[in-house]
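The values are calculated or read from the model by the stated rules, or taken from the named source; none is laboratory data. What you see is a predicted model; the values in this text were computed from it and never measured. A quick note on method: Cβ atoms are made from the backbone with ideal geometry, for glycine too, and the neighbour counts reach across all protein chains shown.
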Amino acid sequence: MSRYIATRAIRGANAIVAEAEALLQKALAEKGPDAPVAFTNTAYYLPVIYGMMAYPVTKIGDLVPVIEKAKSLLHPPPDENWWVPYLGETLDCGMATLLAEEAIEGIRFAYGEQPERYPGFRMTGSASFTSPEFETEEGGGGYLNGPIDDIQLRSWGIQLVDGRMPGFAALLGAARTNQAAVALVRELQRRNILVFLMGNVNGRSIIDQLHEEGVEMGYDTYIVPFGRDTIATIYPLGFATRSALTFGGLKPGQWREILLYNKYRVFAFAIALGEVDDLKYATAAGAICYGFPVIADTVIPQILPTGVTRYEHVISMPWEEIDAPTDEEKAARLVQKAIEVRGVKVKITEVPIPVPYGSAFEGEVVRKADMRVEFGGRASRAFEYLRMVPMEQVEDGKIEVIGPGFEDVPVGGAMDLGIVVEVAGRKMQEDFEPVLERQIHYFINGASGIQHIGQRDIAWIRISKTAAEKGFNLRHFGDILYARFHADFGAIVDKVQVKIITDPALHAEWLAKAREAYDRRNRRLADLVDEAVDTFYSCVLCQSFAPTHCCVISPQRLGLCGAYNWLDCKASYEINPTGPNQPIAKGQCLDSVKGYFTGVNEYVRVASQGKVDTVAMYSIMENPMTACGCFECIVMVIPEANGVMVVSREDPSMTPAGMTFSTLAGMAGGGLQTPGVMGVGKYYLTSPKFLSADGGFRRVVWMSSFLKQTMAEELKAVCEREGDPDLLDKIADETICTDVEGLLAYLEEKGHPALTMPPLF
Amino acid sequence: MAKKKVRTPEEASRDAAAIALLERALQINAETCFYRADEITPCPIGADGLCCRFCAMGPCRLVGDVDMGVCGATRDVVVVRNFARAVAAGAASHSDHGRSVAYTLLAAAEGNPVYKIRDPYKLFEVARYLGVKVGDRPVEEIARDVAIAALGEFGRIEGELLYLKRAPVKRQKIWRDLGIAPRAVDREVVELLHRTHMGNDQDADHLLDQCMRCALADGWGGSMLATDLTDILFGTPAPVRAEANLGVLREDMVNVIIHGHEPTLSEIIVAAAQDPEIVAYAQSKGAKGVNLAGICCTANEILVREGVPLAGNFLQQELAILTGAVEAMVVDIQCIMEGLVPLANRFHTALITTSPKVKVAGALHLEFDEHRALEIAKQILHTAIDRFPQRGEVFVPNYRSPLVAGFSHEYINYALGGSYRGSFRPLNDAIVAGRIRGVVADIGCNNARLCHDENHYYVVSEFLKNDVLVVQTGCGAIASAKKGYMTPEAAMEYAGPGLREVCEAIGIPPVLHMGACVDNSRILTVLSQMVTETGLGDDISDIPAVGMAVEWMSEKALAIATYCVASGAYVIMGGVRNPLAGSPEVMRLTTEGWEQKVGGRLEFVEDPKEIVGRSLAHIDRKRAALGLEEYNPAKWGKSGDWRMRQVLELPFEARIEAVYGGRK
């Protein structure tokens, strides 16, 4: 601290705690102690309070001890002269501030005042992989975001751990100009840093600034507008707290561990824009408890000694004093400094194209009205194909556009496109082709104003008018792929060349070659069964978050996050032999039905730091595999139905287990082995090895409708394989029932096979 | 009268209040220890440790051609025996003090109405170390078991002291491997006395090992228990503001000076002084009330817990009486000069001894009994108040300095991160980065043969300039308090740029007052926690730190020095002649020899400049050994509030722009 900051933060803390207390008294009088208090779609109640105090707040009356706790943490501000120490006292006041702020937001929820109303505001897109044609124009309009829900937290989990998303920046206040606001946000997006927005200066917020400039805000663009006051800062801190609970295997009340988890593993920082008032100082003191430093664009005292945060605590970088001619460059310097202060590791690949590039742009949607041209979809055919060829047949960096460009296509029109990537490398294997090919989706999507959906011969690419105006053309697809394959897969790929094909004859010829390869791969994948290999792979990527969890990935059981299958792991091991994916020699098979292997057990014992010593690969009932927190689905036994339910993380509804996904996730995650509960990747559902020891897919009695819809074809095939083509209809979902009684009635009515299968217990 | 050169007041002290009172002493022809130090030449044979008085065949003076005593004892053995006797006496003093506190805790646990458990959390922590079950048992029950377990440490029958496990693991192993892990407090003292008896342990190195074992029994035993149990009874220190120096004496109040080392009675006197009955009685005698002030370590004890002002350090005990404003000086144990009696007799001052262990001929003895503590405290205050009307001419030099004290290791931990993030990480970080070059503990006494406080002032100011964080206890701490080094503002004025940044970040003075001399155990705990926090090696001996007593005089100081060395520290004893000077071999054994064995070394260095030079060199060596960046003050000093003060000087528009951020 500095005495100046301590004085202001402590003053701010005293004021906000008093305000929270007054508000609570009012709410108690008006709404009564039993009026419910809840944030949306979270199993963690009011998460900061829950994390720090292990105290679940569900109604207004529950906030009384919270405010008492906050008051007990308050101190008087330091004197002008002959002061006594203030650092610890200020940090305690910071924590008091957070407790008070979260209590206030809780009460505002009870009054329907949160999320904050913002007429005319509309969040962009959604997290699900749906066609832009089906968007509703009114979806989610008129409100800011409020707290991030557990679903989004989990879906970002894997990106946060694998480094695709290096951290989050909380921007508080308002920038000097709208241009400066946009420049700052673009600079952060370019580095794939999540951008959280809140606060204001004299009533004007950076959210207003970005809104005026037409910047798309929402989960898909990595920009989350929480609210236009300082109190909304509690939402990112709630997000941080939940990260520790979700991925760190920490329990509520382990406050010290939760805060240290954030200091060492969550790369977050705050940028204070404009005047820093007492409440902002107080809130910043709370953020510093989490190890998050603060960078201000005005003159404030600096706190440079380290320790509570990993590097400097408070940095002042007055906007006017940044030695750069334009807002863009000033923003770049400021963000650079913030990254330095937090020690964020940012890997940035320079891609030579005329539009901004970064994974923050992956979620951008190009609407039909904004579209210059599209490839694939209804009116044309696009495909992408990556193959390995002998070294001498690749001229590294050669990018050919074969056929006409889109200049002559009318605005909003479509044309055929083929993208053929040929790679060569001493360590390249044919098995890696599909792994690399799948990256094309992410690589192309990273360009601002370009949207990519699908894969193989159902790829669908749109170029926006803005991107086209900036000069984006077909060749740039090649530039992107060339740069990214070298940057990301340099360990296995030595040479890359790209053909962009629009010429009709060649398009047809290459499409045929590609389809032949797809078929070959499908057959090869079908042959790739667990029994056919002697090596599985580990995935300990998430140990940075969940220190005792270890995935064991076999050809027939992909990682629970859905992002890593056996081939991915094999490639990853080739790329980085000391990385998170290590080969596990299966060793002796102890039980082929349940899937016990000596090699797997030995590996897991070490990798879980002794927490787990036996893992059954194919059973949920006995020594099931543990989970970090990134799982796509949770499978849980419903004893009454003699079967299991499968809940998808996209499904916020109640389940027959009496818990929502978020609550269940607490039991499934954190590296704990809980028989009867398991976090899995959704494509594991289609594997013949899915719960094969317990009866397989026919055990599924209930499944989130989201899965039924989005995986309809794959699941149909599974039902046929299981010899019960109508099985999917016999499986209930949340639209049919959300309790056991309803479930049993439905199963009886449909004659679900689980009822007559051998008892699970 | 004076046969030898007598120092002028300015030569005898660097403290303004002391100088004024030494002048006063000359005027009224009063004799003090300063004068006697000039009068008495120290015995040169004794000073070198070469006088062997361990049997009646002697005393043998091993000087000149004599290199053996009557029994054949060599200079090496005689020098070590003398040193060992001092260590044993020092260890016995602190430890016996600890035992008294344990009995007070026992009394409190058994329902003594005067004493309470003020820090139950610390009680639980200590219970864990002592293997006492906490559970949900009543506090008194736990306190009773803790007191009994603590008392058991003094006479432990087998095994080793339980507190040893608070040291870094590597340190414990060194002790065990060398066979110097102390087994029981009393046992190690007794054994050391036994081994120094005529015709016993006559191998200097072997005897020095027992010196370490005995001293460790003090540092990690008696002293540490004294500190912990005192905290449990009277509260763990946290920052308090107070004032220091004789100017705290009040002309309009009854002044009672508390002097000595044990706070068990003084704490009650503090409470009793505020009793309305006592205040009324004082008023009945024409005073506004009772003003308490302390000298020596009782002063430090009640300063850090109650904020009672410091009247001065060891060499100011006589000077306090010379003010003529002291109605009573209440003494307990240790460092009480017999010379107080004739001085007190010249004034209206009542010199009151209170400990069953300490009587001084000519003083009034009101023996402390913990079961009648409040009654005795009031009796003492009545005695003092009764003297007030007899007060004659008063000479109180108007010097006093503000200070902030109360830096227990528990508070330091809190100060560095609050309730939620408290740890030693920021301190370790600051040392690793080089903002703080290293840590010096300047502790211990005053010595009348030196210019009072001069060495303390000098080394502390030099260390601060060089970005060395200074922690202090005992009379050294009082010196810095009087000098104004213990205010938070002192960081801005005296500290180097890196240290200043750290102090400003936390709000601390650059010199931390950690308590009484018995509280050097707190420093051991801090060092151990720094090791545990990681980044500064895996043992105390790896930390860039130095311990010193630059004006040492007491046997306790030698015991402290020895347990610090045995714990891995480099220790410099300053000011006076090396008591090991009679044997180059013993000097080698306690420097190189101990460095090899335990990683610490003991040096006696008279010149304060040399002390600073060797300390900084040692700190830099340890930094290099840890692979830390070289100390470079030019890198630091950019943080802090100075920026805001600059902004205040800007024209209005520019000021608004700077703080609010101009928006277009």
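Can A:Ala282 be described as touching a Lys or Arg at 6+ places or on another chain (Cβ under 8 Å), without any contact (Cβ under 8 Å) to a residue 24 or more places away in the chain and more than 11 Å from every other protein chain (Cβ to nearest Cβ)?
Details: touching a Lys or Arg at 6+ places or on another chain (Cβ under 8 Å): yes; without any contact (Cβ under 8 Å) to a residue 24 or more places away in the chain: no; more than 11 Å from every other protein chain (Cβ to nearest Cβ): yes.
Against the criterion (touching a Lys or Arg at 6+ places or on another chain (Cβ under 8 Å), without any contact (Cβ under 8 Å) to a residue 24 or more places away in the chain and more than 11 Å from every other protein chain (Cβ to nearest Cβ)), A:Ala282 does not qualify.
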How about the range B:336-444: which helices (runs of 4 or more DSSP H) wholly inside it have at least 2 residues that are closer than 30 Å to A:Gly51 by Cβ?
-> B:409-415, B:418-421, B:425-433
Which condition does A:Gly112 not pass, out of (1) modelled with pLDDT of 80 or more; (2) part of a loop (DSSP other than H, G, I, E, B); (3) within 30 Å of A:Cys630 (Cβ to Cβ), if it passes all the others?
-> (3)
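Regarding the range B:580-600, can at least one residue be identified that is among the basic types (Lys, Arg) and either buried (at least 24 other Cβ atoms within 10 Å of the Cβ) or on the phi > 0 side of the Ramachandran plot (or both)?
First, pick out the residues of the range B:580-600 that are among the basic types (Lys, Arg): B:588, B:597.
Next cut, either buried (at least 24 other Cβ atoms within 10 Å of the Cβ) or on the phi > 0 side of the Ramachandran plot (or both) only: none.
Taking every residue of the range B:580-600 in turn, none turns out to be among the basic types (Lys, Arg) and either buried (at least 24 other Cβ atoms within 10 Å of the Cβ) or on the phi > 0 side of the Ramachandran plot (or both).
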Out of A:Ser359, A:Ser380, report the one residue that is more than 14 Å from chain B (Cβ to nearest Cβ) and without any contact (Cβ under 8 Å) to a residue 60 or more places away in the chain.
-> A:Ser380
Scan A:Gly471, A:Gly478, A:Gly413, A:Gly425 and give me the residue that is farther than 23 Å from A:Ser359 by Cα and at pLDDT 90 or above.
-> A:Gly413
Among the residues of the range A:305-314, write down those that are surrounded by 24 or more Cβ atoms within 10 Å (Cβ to Cβ) and facing chain B (nearest Cβ under 9 Å).
-> A:Pro305, A:Gly307, A:Val308, A:His313, A:Val314
Scan the range B:51-74 and give yes if some residue there is within 30 Å of B:Cys451 (Cα to Cα), among the small types (Gly, Ala, Ser) and at pLDDT 95 or above, otherwise no.
-> no
Return the total of residues in the range A:593-638 being in contact (Cβ under 8 Å) with a residue 12 or more places away in the chain and part of a loop (DSSP other than H, G, I, E, B).
-> 27
Working only within the range A:347-360, note down all residues that are in contact with a helix residue (DSSP H, G or I) (Cβ under 6 Å, 6 or more places away or on another chain), modelled with pLDDT under 80 and assigned to a loop (DSSP other than H, G, I, E, B).
-> A:Thr349
Would you please name the residue that is nearest to the other protein chains (Cβ to nearest Cβ), looking only at residues in the range A:315-335 that are assigned to a helix (DSSP H, G or I) and within 17 Å of A:Ala170 (Cβ to Cβ)?
-> A:Leu334
Which of the residues that make up the range A:738-753 are part of a helix (DSSP H, G or I) and not aromatic (Phe, Trp, Tyr)?
-> A:Val740, A:Glu741, A:Gly742, A:Leu743, A:Leu744, A:Ala745, A:Leu747, A:Glu748, A:Glu749, A:Lys750, A:Pro753
Give the range A:366-393 a look and list any residue that's in contact with a strand residue (DSSP E or B) (Cβ under 6 Å, 6 or more places away or on another chain) and farther than 20 Å from A:Leu511 by Cα, or say none.
-> A:Val366, A:Asp370, A:Met371, A:Arg372, A:Val373, A:Met391
How about the range A:559-584: which of its residues are part of a loop (DSSP other than H, G, I, E, B), touching a helix residue (DSSP H, G or I) at 6+ places or on another chain (Cβ under 6 Å) and either aromatic (Phe, Trp, Tyr) or at pLDDT 85 or above (or both)?
-> A:Asn581
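Is the range B:579-586 home to any residue that is polar (S, T, N, Q) and under 24 Å from the mean Cα position of the chain (by Cα)?
Of all residues in the range B:579-586, those polar (S, T, N, Q) come to B:583.
Going one step further and asking which of them are under 24 Å from the mean Cα position of the chain (by Cα), we end up with none.
So far as the range B:579-586 goes, no, none of its residues is polar (S, T, N, Q) and under 24 Å from the mean Cα position of the chain (by Cα).
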Hey, among B:Ile376, B:Ile385, B:Ile380, B:Ile443, which residue is of a type in the set (A, V, I, L, M, F, W, C), away from every other protein chain (no Cβ under 14 Å) and within 25 Å of the chain's Cα centre (by Cα)?
-> B:Ile443
Does A:Tyr50 satisfy the condition of being in a loop (DSSP other than H, G, I, E, B) and either closer than 20 Å to A:Phe239 by Cβ or of a type in the set (Lys, Arg) (or both)?
-> no
Considering every residue within the range B:522-532, establish whether at least one is touching a residue at least 60 places away in the same chain (Cβ under 8 Å) and outside any helix (DSSP H, G or I).
-> no
Quick check, is A:Met625 buried (at least 24 other Cβ atoms within 10 Å of the Cβ), at pLDDT 95 or above and either within 14 Å of A:Asp694 (Cβ to Cβ) or polar (S, T, N, Q) (or both)?
-> no
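Just checking, which of A:Val294, A:Val299 is within 11 Å of chain B (Cβ to nearest Cβ) and under 20 Å from A:Ala174 (Cβ atoms)?
Values: A:Val294 fails: within 11 Å of chain B (Cβ to nearest Cβ).
Answer to the check: A:Val299.
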Being out of contact with any His (no Cβ under 9 Å at 6 or more places or on another chain) and within 14 Å of chain A (Cβ to nearest Cβ) is the filter here, so list the residues in the range B:502-525 that pass it.
-> B:Val502, B:Cys503, B:Glu504, B:Ile506, B:Gly507, B:Ile508, B:Pro509, B:Pro510, B:Val511, B:Leu512, B:His513
Of those in the range A:1-42 that are touching a residue at least 12 places away in the same chain (Cβ under 8 Å), out of contact with any helix residue (DSSP H, G or I) (no Cβ under 6 Å at 6 or more places or on another chain) and acidic (Asp, Glu), the residue farthest from the other protein chains (Cβ to nearest Cβ) is A:Asp34
Among the residues of the range B:625-644, which ones are at the interface with chain A (Cβ under 9 Å from one of its Cβ atoms) and over 18 Å from B:Asp467 (Cα atoms)?
-> B:Asp641, B:Trp642, B:Arg643, B:Met644
Which of the residues spanning the range A:694-714 are touching a strand residue (DSSP E or B) at 6+ places or on another chain (Cβ under 6 Å) and of a type in the set (Phe, Trp, Tyr)?
-> A:Trp702, A:Phe706
A:Tyr45 being touching a residue at least 12 places away in the same chain (Cβ under 8 Å), among the hydroxyl-bearing types (Ser, Thr, Tyr), away from chain B (no Cβ under 14 Å) and not in a helix (DSSP H, G or I) | yes
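Quick check on my filter: what residues within the range B:161-181 are charged (D, E, K, R) and buried (at least 21 other Cβ atoms within 10 Å of the Cβ)? Give the steps one after another, and end with the answer.
At the first step, the residues of the range B:161-181 found to be charged (D, E, K, R) are B:165-166, B:170-171, B:173, B:176-177.
Residue satisfying the conditions is B:Arg171 alone.
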List every residue pair whose Cβ atoms sit under 6 Å apart, with the two residues 6 or more apart in sequence or on different chains, where the first one lies in the range A:541-566 and is assigned by TED's automatic domain parsing to the domain that holds A:Phe690 and the second, anywhere, is part of a loop (DSSP other than H, G, I, E, B) and polar (S, T, N, Q).
-> A:Thr548/A:Ser608; A:Thr548/A:Gln609; A:His549/A:Thr626; A:Cys550/A:Ser608; A:Gln556/A:Ser687; A:Leu558/A:Asn565
Subset of the range B:489-519 [free of Cβ contacts under 8 Å to residues at least 40 places away in the same chain, surrounded by fewer than 24 Cβ atoms within 10 Å (Cβ to Cβ) and outside any helix (DSSP H, G or I)] | none
